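Here the structure is laid out as structure tokens; the discussion comes afterwards.
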Amino acid sequence: MVATLGNTVEVPPLDPRRLEPIVGGDRVEELVARGAELQAHLGARRIVNVNSTAAGGGVAEMLWTLLGYARGVGVAADWVVLTGDPEFFAVTKRIHNGLYGSPGDGGELDDAERAHYERALAANVGAVCGRVRSGDVVLVHDPQPAGLIAPLRERGARVVWRCHVGYDGGNEWTERAWEFVRPYVESADAFVFSREAFAPSWVDRARLRVIPPSIDPFAPKNQDLTPFEVLAVLGAAGIVAPDGIHPDPRVRSPAQVVRDGPAVDPRAPLVVQVSRWDRIKDMGGVLAGFARHVEAPDAHLALVGPAVSGVTDDPEGEQIWSETVAAWSALAPGTRRRIHLVTVPMDDPVENALVINAVQRHAAIVVQKSLAEGFGLTVAEAMWKTRPVVASAVGGIVDQVVDGQTGLLVDDPLDLESFGAALDRLLHDPVEAERLGRNARTHVERRFLGDRHLLEYAALIAELLARG
């Protein structure tokens, strides 16, 4: 379970030396040395992270690991979560969608929404700023807590706005969202984006840093599982037929599965997309593309996401889930039997991660057919597990998937025929799928593990401290 004390998330330290068998001693020693140098610069000061949830979504997942390793090398790093009512999260979800170039729910971002946003953050000022001292370095993550940047700077903190979302181009929705966010973030001491293309033109390039996200190979979602464990976990979760294997006792809460027929035969090729129930992730498009254009008759599809009540800062989840179920219900019976809609409980994050880990490892192909994507941690996770990936050529996905080398990219995420053809290509050529998976693992090992991520943050923080 998530351990919190008031608004503070309690994160246990992690020893970075556990990475040594994967990344080698030199990389680990560099991380340890830089951590000691950074803490010496900090002195009595701390690094404080502020975001909107301690569970659900890639930001929370990364913070658990990155703060654990930071504490493991002696860096004083804390984590504070703000609170908000449903209307606040509806407004911030609208901003989030806008920064992805999407209208989202089509609602307004006018004076009334700004007033509610500011009232909600004003209610958090005491709880958040009360945990920050003059001289601390504060990393404010995404639009939800952006309105706290000014009061944090007034308290004497050096503030970094870390934006995890973005869109390579621009349209009326991005312009509207940036117009809303800009007054709150423009005064930040530094900006961090996953891609430079995501930063709007008004961001001072001297204060901009590009730091791609990372995964932790030892996190429950990525740790090694034997083929026997994979089937035992999936059998206990009710996703794949047990096939005579005793259910894994670590799975105490089965997934909710919408299906027309039995659980997936473990011998059947399984195509998987793991995502939030978010319009940008286009679960409905994956369903339609598979149903209309995948010719492999024995292949199944599983759309896997969190229980719709389990992600506190995402009010659209239940609506997208309902729309996906309705689209599935409208399919012909023969097609419907090959498509499974899965929600995994969020009550225990470790159990949830174990199930997602097993789902990805069992998959013949992992899909990420997003319409836009800040980075897409599920892509790196699947690549780490040597799974071949078929994904949209959008946002941070193109920084991970090298088309034809570490996976397959579909240029237009709305081109369902090309998407289906890419799936069929790998379903009919397991040798090619295996080659892509091997290359993918090496690519993630070199570029997207936590030691690289932390070193880039350490360099930025050291620079901020040196400014005086």
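The values are calculated or read from the model by the stated rules, or taken from the named source; none is laboratory data. Keep in mind it's a predicted model, so treat the numbers as computed, not measured. Every residue, glycine as well, gets a Cβ built from its backbone with ideal geometry; the counts of neighbours run over all protein chains shown. Surface accessibility is based on the protein's heavy atoms, side chains included, excluding ligands, DNA and RNA. Shrake-Rupley method; radii C 1.70, N 1.55, O 1.52, S 1.80 Å.
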Compute the acute angle (0 to 90°) between the alpha-carbon long axis of helix 86-99 and the principal axis of greatest extent of the alpha-carbon atoms of the chain; round to the nearest 10°. 80
Using θ = phi - 60° and the Karplus curve 6.51 cos²θ - 1.76 cosθ + 1.60, what whole-Hz ³J(HN,Hα) does each residue of region 398-413 get, with Gly and Pro shown as x? 6, 7, 9, 9, 8, 4, x, 10, 10, x, 10, 10, 9, 4, 10, x
Qualifying GluC sites (Glu not before Pro) for region 233-326 [loop in DSSP, other Cβ within 10 Å: at most 12]: E295
Rounded to the nearest percent, how much of the accessible area of the chain (1.4 Å probe, protein heavy atoms only) is carbon and sulfur? 52
For a quick check of understanding: with a 1.4 angstrom probe and all protein chains in place, what accessible area in square angstrom does S329 have, to the nearest ten? 60
For percent of Cα pairs over 30 Å apart, the choices are [x] 47; [y] 54; [z] 44; which was calculated from the structure? [z]
How many angstrom separate the Cα center of region 413-456 from the Cα center of region 131-195? 31
Could you check the simple spin-label distance between S322 and D204, using points 7 Å along Cα→Cβ, in nm with one decimal? 4.6
C-alpha center-to-center spacing [region 41-57, region 309-368] in angstrom: 30
Of R252, R425, which has the most accessible area with a 1.4 Å probe, and how do the rest follow in descending order? R252, R425
For the chain, what is the accessible area per residue in Å² when the probe is 1.4 Å? 38
For region 187-230, listing trypsin sites (Lys or Arg not before Pro) in a DSSP loop whose Cβ sees at most 14 other Cβ atoms within 10 Å gives none
Which lysines does K93 reach when only Cα atoms under 28 Å apart count, and residues fewer than 8 places away in its own chain are ignored? K221, K281, K369
Quick check: the angle from helix 416-427's long axis to the longest principal axis of the chain, C-alpha only, nearest 10 degrees? 70
Find the relative contact order for the chain and round it to a whole percent, using C-alpha pairs within less than 8 Å whose residues are 6+ positions apart. 15
Quick one: 3J(HN,Hα) in Hz for region 362-376, Karplus 6.51/-1.76/1.60 with θ = phi - 60°, rounded, Gly and Pro as x. 7, 5, 6, 9, 10, 10, 9, 9, 5, 7, 8, 7, x, 9, x
